[in-house]
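Have a look at the structure below, then the notes.
The values are calculated or read from the model by the stated rules, or taken from the named source; none is laboratory data. Here the structure is a predicted model, which means the values were calculated and not measured. Here the Cβ positions follow ideal geometry from the backbone for every residue, glycine too, while neighbour counts run over all protein chains shown.
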Amino acid sequence: MKQKLTAIIKKFRSRHRFAATLLSMILLCFLLCVLAYFFLINTVLKKSRENSIQLNQSYISTEADNTNQLIYQLHQSLTQLSYSRSILNMVFYSEYKESNKNLVTTDLALTAQNNLLIKSALLYIPDQNLVITSGYRWASLEQSAYNDMITDYLNDAVHPIIYEDTEKISYLFFYDDSLIMARDFPLNGSRRLGTLFYRVNYKEIYTQLTHGLNEGYHIWVYDTDNHPVFSGITDYPDYITDDTIAQLESPEENYHTLKNSVLFYSRSNLLEWKFLYEVKKSALFPIGNAVSLMLIPSLILLAACGIFICLSVTSGVYLPRQIKGLLELIDSETVSAAQEEDDETKNLNEFEHLNRALSQMAGQQTKLQTAIDKVSGDVLSRFFLELLSGAQFTPEQARQMLSLAHSDFELKGFYMAGILHCKGDLTDLEKKRNVILSEIEEQMSSYNKEHHSQSHILTIDSRTFVLILSFGITESLLKVIKEVSELEQVINAVSSSWQVPVEFHIGRIYYSILDVGFSYQSALETIPDTTPKSEPETSGISKVAVKAEETNIKDRARQVLSLVLDHDTKNASALSARVIAEIKDSGKTPTEEAEQYKAYISALSHGISRLDYIDPSAIPNELLIFKDAESADSQQLARCVSESCEKIIENLHKMLKRQQNPYILSAQDYISRHFSDSGLSLNTVAEAIDVNPSYLSKLFKSNLNINFTDYLNHYRIECSLKLLSETNRTLQDISVDSGFNSVQNYIRVFKKFMNMTPGQYRKEI
């Protein structure tokens, strides 16, 4: 430290003046540290007390939650036991066998043995006046050791705590020295057919609750009437009264100070139990040496900060205000490191020192700007790649990305994406790739200056690039189309210069940067399956571009439905909201807007109607949506349409998700492999996939909105259509191969689904 301070002083021309000023400031700092010492002691003690109270309060709340979790485990165990086949047979079917009693008592015994929280388990069946226990015993109610408990429960003589979880209800109550949990059969119904009981080992609950407590710490638990819950296990203190508990329950304070200890409080909403955590004062608040030891690092840090402040203030007094900020730059890590290696720096005055430092910083600034430009380009490329992959952004998110990339691209404008694909020998292309890309960028720079456009090039692979092109929204569409057609000349110039064949395919024109991905997809659609002709395809570019003059409502609807079919509801909703916003902001009258909205919803409805096994409820009623369109303002109309579209997307997603049921998928797969078997039925399919036939039938009706037989016949008819159109086989052969047991049955079913006979269908195709 001394050497560092000496080195700093030597940098100043008036060293004595600087040293005197620095000494005065250090003496002043010493006085401040003395005052701060006492302030810190008080602050630390106060903060320590607050943290200790918070920590202990959090502890008892956690223990209350843990106890709730133990009761929840018992509830789950009781729930699982209630689904035992042997117990269900005993409860719901009077034609039980004597051997079934053994199965029931075995299930009860295994449950009790495998759970430390359960002393015993029993089942009471009123119709049979039978009590079966986990002790491998059964008897009538009158002869059972649990007669009084069961009778009082049936007569509502106990006051249970009701625990409900996903429509499964358990009852928890104390009886004599036992904690009981009960579950009735059935859950819904006026007549009780049976009841399961657990005798809970609440000693084990207390053991887990108090596990790990040190000497001087206690946990007391009371019920809602302030009666001790674990009175038979531990001795409750007399100094905790009803008034004490009432004070803890007040909202003003969650702890209460006694003579030698502090009580913390927490309440279980599930059990209605009150948890009191008692801690001795000597163990709660740290004092004396502990505080002093804790303050030592703080005081050292305070002294270091004081010296630093003295040095800074002294420097400010000594140095002219005009160069104070400049001198601070000398202390930067990069400049100091460079200067320490130079012996001449030690003999420089302040201004010479500044001149040298600023020269170095200028060089660093140039390097930094280069790095920023590179990062900005990477951000913009990443943004466009996300759009090309189908990601949906809100306008605000897009603005943030463009701002982060320091880009001049605007949110609105004429946007399109083009695909450039280089052909030729791969080895040769690898050598030319970078120079070809550089020349394309150079050519596009000249093109942009001439046509007042902007462009960005993305590298897909060594052969393929994507060109993002934008024109200002104030340009006319016809002018943009003409200027886009001139891109062919730019690409041909690069191709001729490097003797590399380059294919160029451009997508449709859109009016927002957020639609670049759709333009890219339309560009992919224009790529032919075979090698394109050698002549330029400028006319093709114009055709594609002109489509921007037509309404894109149907395209947008198809894009939304495509996202829903891919289970991407988030992006589907975002795109739908943007379509509605664009219509609202188009400047049209409410009537004209309504027509646009109708076209959009009609396109959605048409697309949904073409899907298989979709409930008609997913298709909106346009008359209801637009019944008040003429009287509604633009905002109301947009909100109504937005809510309707959100509901359409949500309902369609739910229906598609139901169609992904594993049993449905397994059944569909089995039908596709065995449809030609005329003996195929609901029972054979259900048996093959190991599911109840009745349940499978319900799944087809609820998830596909079609019964099993109609689905099977529909699938067989679809398979027969291919045979009718592509072969000359007889109807008899086709009916057998399609799984029908007779040609008459085949014709009947065919006419039901196609509204014509197989012969008429064959004539029309």
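Some notes on this structure:
- Close Cβ contacts (under 6 Å, 6 or more residues apart or on different chains) running from residues in segment 148-159 that are assigned to a helix (DSSP H, G or I) to residues that are among the hydroxyl-bearing types (S, T, Y) comprise M149/Y175; I150/Y124.
- A single member of E204, E215 is closer than 28 Å to Y277 by Cβ, surrounded by 14 or more Cβ atoms within 10 Å (Cβ to Cβ) and acidic (D, E), and it is E204.
- Members of segment 560-594 that are outside any helix (DSSP H, G or I) and of a type outside the set (S, T, N, Q): D566, H567, D568, D585, G587, K588
- Residue check, L103 without any contact (Cβ under 8 Å) to a residue 12 or more places away in the chain, among the hydrophobic types (A, V, I, L, M, F, W, C) and surrounded by fewer than 19 Cβ atoms within 10 Å (Cβ to Cβ): no
- Qualifying residues in segment 414-442 (those that are small (G, A, S) and surrounded by fewer than 20 Cβ atoms within 10 Å (Cβ to Cβ)) - the one modelled with the highest pLDDT: S438
- Pairs, first in a loop (DSSP other than H, G, I, E, B) in segment 117-135, second acidic (D, E), C-beta under 7 Å, six or more apart: L117/E204
For (1) touching a Gly at 6+ places or on another chain (Cβ under 6 Å); (2) polar (S, T, N, Q), each residue gets a yes or a no:
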residue: E475; (1), (2): no, no
residue: I481; (1), (2): no, no
residue: E486; (1), (2): no, no
residue: S496; (1), (2): no, yes
residue: V500; (1), (2): yes, no
residue: G507; (1), (2): no, no
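- Residue match in segment 729-746 (condition: of a type in the set (V, I, T), under 30 Å from L652 (Cβ atoms), part of a helix (DSSP H, G or I) and assigned by TED's automatic domain parsing to the domain that holds R673): no
- Scanning segment 27-71 for residues that are in contact (Cβ under 8 Å) with a residue 24 or more places away in the chain and of a type in the set (S, T, N, Q) yields S48, S52, N56, Q57, S61, N66, T67, N68.
- Residue among D165, D177 that alone is under 38 Å from the mean Cα position of the chain (by Cα) and acidic (D, E): D165
- Note on segment 200-245: residues that are touching a residue at least 24 places away in the same chain (Cβ under 8 Å) and either in contact with a Gly (Cβ under 7 Å, 6 or more places away or on another chain) or of a type in the set (D, E) (or both) total 2.
- Note on segment 447-464: residues that are out of contact with any Asp or Glu (no Cβ under 7 Å at 6 or more places or on another chain), part of a helix (DSSP H, G or I) and either surrounded by 11 or more Cβ atoms within 10 Å (Cβ to Cβ) or on the phi > 0 side of the Ramachandran plot (or both) total 2.
- Selection count where residues are on the phi > 0 side of the Ramachandran plot and modelled with pLDDT of 90 or more, scope segment 720-755: 1
- Within segment 712-760, being in contact (Cβ under 8 Å) with a residue 60 or more places away in the chain and buried (at least 19 other Cβ atoms within 10 Å of the Cβ) holds for S738, G739, F740.
- Enumerated helices (runs of 4 or more DSSP H) restricted to segment 599-691, each holding at least 1 residues that are modelled with pLDDT under 80 and under 29 Å from the mean Cα position of the chain (by Cα): 634-659
- The residue list F465, F414, F471 contains one member that is in the same structural domain as D515 (by TED's automatic domain parsing), aromatic (F, W, Y) and touching a Leu at 6+ places or on another chain (Cβ under 6 Å), which is F465.
- Within segment 378-394, the set of residues being out of contact with any strand residue (DSSP E or B) (no Cβ under 8 Å at 6 or more places or on another chain), surrounded by fewer than 18 Cβ atoms within 10 Å (Cβ to Cβ) and under 18 Å from Q454 (Cβ atoms) comprises D378, V379, R382.
- Failed item, numbered, when S720 is tested on (1) within 27 Å of H567 (Cα to Cα); (2) out of contact with any Lys or Arg (no Cβ under 8 Å at 6 or more places or on another chain): (1)
- Complete set of residues in segment 701-740 that are among the charged types (D, E, K, R) and more than 23 Å from L656 (Cβ to Cβ): R716, K722, E726, R729, D733, D737
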